[in-house]
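Heads up, the thing below is written out as structure tokens.
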Amino acid sequence: MAFPTSYFFFLMTLISGSIISISSTSWFGAWIGLELNLMSFIPLIAFKMNPLFSEAALKYFLIQALGSVLFISSSFLLKSFYSFSLLSIFLALLLKLGGAPFHFWFPQVMEGLKWPQIFLLSTIQKLAPLTLISYLMNNEILIKITIFSAILSALIGSLGGLNLTLLRKIIAFSSINHLSWMLMAISISDSSWLFYFFIYSLIVLSITSVFHKLQTFSLSMLIQSDQNSTLHATIISLNFLSLSGLPPMTGFIPKWIVIQVMLNLNMFIPLFFLLVSALITLYFYLRIIITMILMFNPILNFNMKYKSLTDSPSSLFFKSSFNFFGLLLPVYFTFI
């Protein structure tokens, strides 16, 4: 699907807004960057006259506007009510991120988006708020609240994805679950969350690009679109395994780093909740993968209408090749 020229213009201003927020030396400058980011993303959502896109854009605008009002009003009160203002700024950023307990809007907005916009909402739109939250991690109270929010996001992101067949909602709850790992990494280290965010962005890019090419939005559409290609189903399955963080896929590497840091800091209880949530997300990914594998059995395959591939296997493998870098981990341990 070809995008209009204005799409790329708003994409550049969206990235510029994130850069302004990250590099700003004041909360007011960070707010300006967040607003530029917001007003650039709205046209990207509603670039077509469609009721679903318009509804998603309206929901996103209202939630982000509420977070922006709370953010700027709290920044004005920093000198008078320092601790309360910092807490309000943190909650406003958490609302913009879609982290628990302010996650309610995230799956609903994702439901009305196309796959390119889902990639932007899951990755680039989180960069500026996560960076601003990392600036607040010199306050002990906010660190404890961040850990609590991370645990809650892990549980909600994993349990919310159970028994779902809509791929966009599954990716939404998966994003909430991965946000918990990034929040935990922010609370304990300034560098590990950036690495986690980078790896997660590349994995989401690979899986959303495949779904965009296939134009699949549900489990049934995914199965019916590719019954005649074992290679294609294998690539999609490995994408899901990498997204779940199953070793030795690439998605396991940033989780491994966070786990190691948490063990060194004796954070066993938060780590327990994160690992349990990771197992639950692995379960509903495996449910999708096993269903796809079973459909290749000629006895179980009742649908005789085959849909041709919309992309060549080599191109799909190139888009997903990053997920296989984790397979080189044994080579690393051989030479150290």
> What residues qualify as long-range amide H neighbours of S218, i.e. H under 5 Å apart, gap of 5 or more or another chain, H built at 1.01 Å from N?
Replying inline: L167
>> Explain nothing, just compute: Karplus ³J(HN,Hα) = 6.51 cos²θ - 1.76 cosθ + 1.60, θ = phi - 60°, for every residue of segment 17-27 in order, whole Hz, x for Gly and Pro.
In response: x, 5, 5, 4, 5, 5, 8, 5, 9, 9, 5
> Going by a ≥ b ≥ c, the root eigenvalues of the Cα gyration tensor, does segment 14-70 fall in the rounded group (a/c under 1.5), the prolate group (a/b larger than b/c) or the oblate group?
Replying inline: oblate
>> Can you tell me, using C-alpha contacts under 8 Å and at least 6 residues apart, the relative contact order of segment 37-106 as a whole percent?
In response: 26
> Taking every eigenvalue of the Cα gyration tensor of segment 154-299, multiplying by 5 and rooting it, what semi-axes result, largest first, whole Å?
Replying inline: 29, 15, 13
> Scattering from the C-alpha atoms of segment 5-327 alone, worked out with Debye: what is log10 I(q)/I(0) at q = 0.07, 0.13 1/Å?
Replying inline: -0.28, -0.96
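None of the figures in this text is laboratory data; all of them are computed from the coordinates on show. None of the values given here were measured: they were computed from a predicted structure.
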